[in-house]
Amino acid sequence: MALFPLTIFLSAALLFLVQPMLAKQLLPYFGGGAAVWTACMLFFQSLLLAGYGYAHLLSRYLAPKNQRRVHSSLLALALASLPLLWHANINPDVLLSPLAAILLLLSLTVGLPYLLLSATGPLLQHWFASRFPLRSPYRLYALSNLGSLGGLLAYPFVVDPLFSLNEQRQYWVLGFVLFALTCLLLMWRELGQLSAAIRAVSARLNKRFTLRWLALSACGVVLLLAVTQQLTQNVPPVPFLWVLPLSLYLLSYIVVFNKPAWYQRGLWLYLFCLSMVFGLLLFYLGRQFDLISQLLLYLTILFSGCMLCHGELARLKPEPQYLTGYYLLLAAGGVLGSAAVNLLAPLLFDQYWEFLLVLLAIYLLLLWPDSGAKPRWQQGLWLTGGLLFGLSIIGLEWQLGQHNVYSERNFYGSLVVRDLTIIDEAGNGQQQRQLIDGTTSHGAQYLKQPLSGTAQSYYRPGTGAALALQHFLPAAPTRNISQLQQRRYGLVGLGAGALAVYGRPGDSMVFYELNPAVIKVATEYFSYLADSPATVDIVPGDARLTLAAQLAQQGSQQFDVLVLDAFSSDSIPQHLLTIEAMQLYWQHLQSDGVLAVHVSNNYLDLTSLLRNQAATLGLAAYFIATEAQGINPAAQWVLITANQRFISQPVIQHALSPWPSPLNPDVSWTDQRSNLLQVLK
């Protein structure tokens, strides 16, 4: 009997351990953005549905001994496919959309093993119910969720800190081999003792429960993904911030299925209604809250909503003989929710509206009639609360969105172009156009001359990037002074194109930009690029992948200055700050070049990381902090160079600032290991 809980626990742990592991490995190939995780969740939810469907069909139509033969054969095939994951060589197809490429890569590397792990829970619970008819199989469901939670929490706190990405994949493969052996042993010991007449019972597809199961399951997944998106807008999408919401999602399942008495509907409903109010505030005024407050409020919203969704699912669960069909419907709801976030929402919404809409949907789902109709006054009060929430959304959006000129959402995030009237010290109003990426301004431009030709925000005169571009000098006598008239600048991250104002006739400026929506906005809604006297080129695609390809095909770009500012909202793509990335940048820079890195951030202190990376390369790092001025925010830049002639200029020396925090010599990121917790403020 111990083989049942052991096999289920092991399969569940492997099932959820592989999710953050593979998502982290895919991050560098798709810009390091939050959408990589939601795309992975679509794959995992779809395979979960396929696994539940396979388990239902197998147990419904085959005798136990035939089930054993089929499942053993598929396990053998999965074992034979493991070398694809052991020696995984990720090479995304640039001809595919990011979402399609992620789904294809995951299918090729872990498709069949993940399918069989997904099927293990319902299959073994069906076999257990048949083998031990007096015992409840739902305890095994709670155990599988406990295993899932264990696998999730093990990743950020044990697996990721201790092992490289290659080692993680290989240890997971060994874990799958152990699971396959225990599963085979269980089948050959237990299934032969079952009657050939035992079959799973077809699910009862009556509208009263089926549609509600689907809706509750879908809303739980939409809420999970929407909260994760909100959290990772301003903090890099790293496993810890994927695992924490998913752990609470699983914990709610564990609680309600293992201890139904802990689901007190009134208590969780009260907490969820309070959470809806905080959800409104966070969506529109999130930057007014510090990181810890945001984290606690978002997780409270998630857990209270999931307790309601999953508590209702547990309350309405069918008899054990219907459980494979029940799990199939839950998985189908999960796929619908994941598809809604990944496929439908980007087509319908230009912002992350699904976060607020799913809160309203969960609230209204609790109006669904059960055993009897609610009193008319109670229904009216309930509907009035939902109406007030909806009207609040409309009112806030009208108030805050009336100045929007353009907005777009795609795989890489959401952008808004907004025109505001800025009042100067003399009381005169000037129209300024701003680019908002997520919740952070990523560029601004006055619409009328002469101010339209002056860079604003983090790129205004006197900031680190501006000084590097305006005052670069080659380290004499290694380079010809005539090259001063033909500088080459590389700029990772386009934004509004504000840095183009520092180009002069004869200069060459190459912008690397991943997000096609940013390119559209910079070229159509801002004039920095068109007005620049320099020769400006825009290279689409991830900067690191593009620079590596250019190095292999064309050789070094020989930049005098390379500016690194490829951040989305306050989130940073970690793969752009590893030591391997730094080495690549210096292969494209002149030996006396300057690397300027934008480090303004509300939540992360990257200065120790960059100082250590510079020291590893035998270079010096310098910090330039520019105080906030009017509506222009404080700007912080780190300049890395060995060029003393450039650094010793009085204008640069005057701008240098003391480091904002003591040096932490242990902070270092590589492609195989990086720890976000080291750089949290």
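Kindly indicate the residue of segment 670-681 that is within 17 Å of Leu291 (Cα to Cα) and outside any helix (DSSP H, G or I) and also least open to solvent (accessible area, probe 1.4 Å) among those meeting that condition. Residue satisfying both the conditions and the ranking: Leu680. Looking across Arg60, Arg69, one residue alone is surrounded by fewer than 20 Cβ atoms within 10 Å (Cβ to Cβ), touching a residue at least 40 places away in the same chain (Cβ under 8 Å), part of a helix (DSSP H, G or I) and more than 22 Å from the chain's Cα centre (by Cα). It is Arg60.
Is it the case that Ala566 is without any contact (Cβ under 8 Å) to a residue 12 or more places away in the chain and under 28 Å from the mean Cα position of the chain (by Cα)?
For Ala566, the condition - without any contact (Cβ under 8 Å) to a residue 12 or more places away in the chain and under 28 Å from the mean Cα position of the chain (by Cα) - is not met.
Might you let me know whether segment 431-452 holds any residue that is more than 30 Å from the chain's Cα centre (by Cα) and acidic (Asp, Glu)? There is no residue in segment 431-452 that is more than 30 Å from the chain's Cα centre (by Cα) and acidic (Asp, Glu).
Taking the criterion of being open to solvent by less than 20 Å² (accessible area, probe 1.4 Å) and small (Gly, Ala, Ser), the residues of segment 36-57 that qualify are Ala39, Gly51, Gly53, Ala55. I need the full set of residues from segment 601-639 which are open to solvent by less than 20 Å² (accessible area, probe 1.4 Å) and among the aliphatic types (A, V, I, L, M), in order please. Residues satisfying the conditions are Leu604, Leu606, Leu609, Leu610, Ala614, Ile624, Ala635, Val638, Leu639. For segment 188-222, filtered to residues that are at pLDDT below 65 and within 18 Å of Pro122 (Cβ to Cβ), the residue that is most open to solvent (accessible area, probe 1.4 Å) is Arg204.
Filtered by the rule that a residue be hydroxyl-bearing (Ser, Thr, Tyr) and in a helix (DSSP H, G or I), segment 425-472 gives Ser452, Ser457, Tyr458, Tyr459. A Cβ distance below 9 Å, combined with a sequence gap of six or more or placement on separate chains, defines the contacts here; from segment 441-467, residues that are among the charged types (D, E, K, R) reach residues that are open to solvent by 20 Å² or more (accessible area, probe 1.4 Å) and part of a strand (DSSP E or B) in the pairs Lys448/Gln430; Lys448/Gln431; Arg460/Thr626; Arg460/Gln629; Arg460/Asn632.
Look at Gly111 and say whether it is modelled with pLDDT of 85 or more, outside any loop (DSSP other than H, G, I, E, B), under 31 Å from the mean Cα position of the chain (by Cα) and more than 24 Å from Gln168 (Cα to Cα). The answer is no for Gly111. Highlighted here would be helices (runs of 4 or more DSSP H) found entirely within segment 513-555 that include at least 3 residues which are in contact with a helix residue (DSSP H, G or I) (Cβ under 9 Å, 6 or more places away or on another chain) and without any contact (Cβ under 8 Å) to a residue 12 or more places away in the chain, but there are none. Of the set (1) farther than 20 Å from Ala332 by Cβ; (2) within 18 Å of the chain's Cα centre (by Cα), all apply to Phe16 but (1). Say we look at segment 461-478 and pick out the residues that are in contact with a Ser or Thr (Cβ under 9 Å, 6 or more places away or on another chain) and open to solvent by 10 Å² or more (accessible area, probe 1.4 Å); which of these is modelled with the lowest pLDDT? So the residue we want is Thr478. When Val561, Val667, Val599 are checked against the criterion of being over 30 Å from Lys24 (Cβ atoms) and among the β-branched types (Val, Ile, Thr), Val561 stands alone in meeting it.
Conditions (1) out of contact with any Pro (no Cβ under 7 Å at 6 or more places or on another chain); (2) part of a helix (DSSP H, G or I); (3) of a type in the set (A, V, I, L, M), marked per residue:
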{"site": "His575", "(1), (2), (3)": "no, yes, no"}
{"site": "Trp586", "(1), (2), (3)": "yes, yes, no"}
{"site": "Gln590", "(1), (2), (3)": "yes, no, no"}
{"site": "Val597", "(1), (2), (3)": "yes, no, yes"}
{"site": "Leu610", "(1), (2), (3)": "yes, yes, yes"}
{"site": "Ala615", "(1), (2), (3)": "yes, yes, yes"}
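Counting only residues that are closer than 20 Å to Ala549 by Cβ, open to solvent by 20 Å² or more (accessible area, probe 1.4 Å) and in contact with a strand residue (DSSP E or B) (Cβ under 8 Å, 6 or more places away or on another chain), segment 579-595 holds 1 of them. Residues in segment 434-460 that are in contact with a helix residue (DSSP H, G or I) (Cβ under 9 Å, 6 or more places away or on another chain), open to solvent by 10 Å² or more (accessible area, probe 1.4 Å) and closer than 27 Å to Leu281 by Cα: Gln434, Asp437, Thr439, Ser441, His442, Tyr458. The residues of segment 279-303 that are more than 20 Å from Val221 (Cα to Cα) and either more than 18 Å from the chain's Cα centre (by Cα) or open to solvent by 20 Å² or more (accessible area, probe 1.4 Å) (or both), listed by number, are Leu281, Tyr284, Leu285, Arg287, Gln288, Phe289, Asp290, Leu291, Ile292, Ser293. Among the numbered conditions (1) of a type outside the set (Phe, Trp, Tyr); (2) open to solvent by less than 30 Å² (accessible area, probe 1.4 Å); (3) free of Cβ contacts under 8 Å to residues at least 60 places away in the same chain; (4) out of contact with any Ser or Thr (no Cβ under 7 Å at 6 or more places or on another chain), the only one that His598 does not meet is (3). Within segment 657-669, being in contact with a Phe, Trp or Tyr (Cβ under 7 Å, 6 or more places away or on another chain) and surrounded by 15 or more Cβ atoms within 10 Å (Cβ to Cβ) holds for one residue alone: Trp659. The residues in segment 519-533 that are open to solvent by 10 Å² or more (accessible area, probe 1.4 Å) and among the aliphatic types (A, V, I, L, M) can be counted, and the count is 3. Tell me whether segment 65-80 contains one or more residues that are in contact with a Ser or Thr (Cβ under 9 Å, 6 or more places away or on another chain) and hydrophobic (A, V, I, L, M, F, W, C). Looking through segment 65-80, none of the residues is in contact with a Ser or Thr (Cβ under 9 Å, 6 or more places away or on another chain) and hydrophobic (A, V, I, L, M, F, W, C). Condition test on Leu225, is it surrounded by fewer than 19 Cβ atoms within 10 Å (Cβ to Cβ) and in contact (Cβ under 8 Å) with a residue 60 or more places away in the chain? Answer is no for this residue.
When segment 139-166 is filtered for residues that are surrounded by fewer than 19 Cβ atoms within 10 Å (Cβ to Cβ) and over 23 Å from the mean Cα position of the chain (by Cα), the ones remaining, listed by number, are Arg139, Ala142.
The values are calculated or read from the model by the stated rules, or taken from the named source; none is laboratory data. What you see is a predicted model, and the numbers here were worked out from it, not measured in a lab. Because the Cβ atoms are built from the backbone with ideal geometry, glycine has one as well, and the counts that use them run over all protein chains shown. The accessibility values were calculated without ligands, DNA or RNA, using every heavy atom of the protein model including side chains. Shrake-Rupley method; radii C 1.70, N 1.55, O 1.52, S 1.80 Å.
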